[in-house]
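Bear in mind that the values in this text are calculations on the coordinates, not laboratory data. What you are looking at is a predicted structure, and each value in this text was computed from that prediction instead of being measured. Counting neighbours? That spans all protein chains shown, and the Cβs are built from the backbone with ideal geometry, glycine included.
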């Protein structure tokens, strides 16, 4: 555990031991009964220990994990997938060819070669599909859903998403954010339903909590609470009727319409006299700024890889702790030990009804405390040529399993 980066420390905290049984089998041993064992296994990736051991020619550790930038592992691939990488030009294209000795001999996939091309501009990406220049695109921008749906040569697949888009309010940078009435005022000032309808063109679900419908912590009692008069009243009660100025940062190419959403939020906050100095950045530049907590309000989107509510809290609202990795992405520096304790209690509760009640209570307390500003769950959309059968390989995690992709 000592050598793990913070991102992984919290995930593997429940485990005490890994026993290797044979070349294809291992036992994961937990410290106590743990209901999310299989969910957490989504974070386990088989890698070749011999290939990633030792030093490079210039003396660098081959096993090093680098969060921003390149490492031996990011430039020297040794995977277990259905394709091998034959060429990579960063930011330009990646070429894949099918691996003939892949273990899954029953796979229906018949694609021998894939060329992955990043196309940042929405309009250019859609035009590339409609003109026949590419076979498969993602994401499809909300403004082009109808256009693709009407095209006889393309297929559109959509799914309700579980990725929450939210804003953190940094209490260590802004004294006012320590006041729950100010945080609540901001929550009342943001029109989630307006953002979902106008900016996302209805292709998002307005949110009042992190847990989407279907998750154990989803609390159906919690609703978006847009009310500008109430927001103004709360600012007055908190002693901030005249407002204040803050900085905000958001990415401009990571989430659907992320920069437009940030601009809309800034305009909404002006109505309660909070002036926003907004800066949007490409994601490659944004994430180091996020890790440094470089602005007073910062945007993040989060999909729980474990498909469980506790994952949201452990990373986004737990009291930040560099030693354990808890609260690793809590850019609000929010801290409520009682809520953290309740999540930890839920994480070892094997009675699912009791566990669900605990997690719903966590969502209620975070809502009442306005710990963060939830915006919406981002829906998913992919499109392809008619003969590229994408639907069977798509999923809510947005990891298309291209090994099984069939082209007719």
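Using only alpha-carbon positions in the stretch 144-260, the gyration tensor eigenvalues give semi-axes of 33, 17, 14 Å once each is multiplied by 5 and square-rooted (largest first). For residue 66 and residue 223, the difference between the fully extended length at 0.36 nm per residue and the C-alpha to C-alpha distance is 52.6 nm. Put one equal scatterer on each alpha carbon of the chain, apply the Debye formula with no solvent term, and list log10 I(q)/I(0) at q = 0.11 1/Å to two decimals. For the requested q values the scattering log ratios are -0.96. Quick one: Debye curve from the alpha-carbon atoms of the stretch 198-265 only, equal weights, vacuum; give me log10 I(q)/I(0) at q = 0.16, 0.22, 0.27 Å⁻¹ to two decimals. Once normalised to I(0) and log-transformed, intensities are -0.88, -1.13, -1.13. As a rough footprinting exposure proxy, the listed residues 401, 367 were ranked by other beta carbons within 10 Å of their own, and the order from fewest upward is 401, 367. Counting neighbouring beta carbons within 10 Å and listing from fewest to most, the residues 393, 66, 182 come out as 66, 393, 182. Rounded to the nearest 0.05, the FRET efficiency derived from the C-beta distance between residue 32 and residue 85 at R0 = 41 Å is 0.50.
What angle, in degrees between 0 and 90 and rounded to the nearest 10, separates the Cα long axis of helix 180-189 from the longest principal axis of the Cα atoms of the chain? Roughly 70 degrees, rounded to the nearest 10. Taking 0.36 nm per residue of separation and subtracting the current Cα-Cα distance, fully stretching the chain between residue 19 and residue 101 would add 26.7 nm. Counting only the Cα atoms, the stretch 289-356 fills a convex hull of 96 Å³ per residue. Going by alpha carbons, how many degrees (0 to 90, nearest 10) lie between the helix axis of 337-346 and the longest principal axis of the chain? With rounding to tens, the tilt is 40 degrees.
Using all pairs of distinct alpha-carbon atoms, the Kirkwood hydrodynamic radius of the stretch 309-408 works out to 16.3 angstrom.
Its Kirkwood hydrodynamic radius, worked out from the mean inverse distance over all distinct Cα pairs, puts the stretch 161-379 at 17.3 Å.
Applying 0.36 nm per residue to the separation of residue 408 and residue 147 and subtracting their alpha-carbon distance, the gain on full extension is 91.6 nm. Estimated from the Cβ-Cβ distance and a Förster radius of 30 angstrom, the FRET efficiency linking residue 52 and residue 120 is about 0.45.
Highest GNM mean-square fluctuation among 145, 28, 167, for the chain modelled with Cα contacts below 10 Å: 28. With neighbour counts taken as other beta-carbon atoms within 10 Å, the residues 160, 131, 78 rank, fewest first, as 131, 78, 160. Taking the longest Cα principal axis of the chain as reference, the axis of helix 258-270 is set at about 0 degrees. With all pairs of different C-alpha atoms in the average, the Kirkwood value for the hydrodynamic radius of the stretch 255-308 is 12.7 Å.
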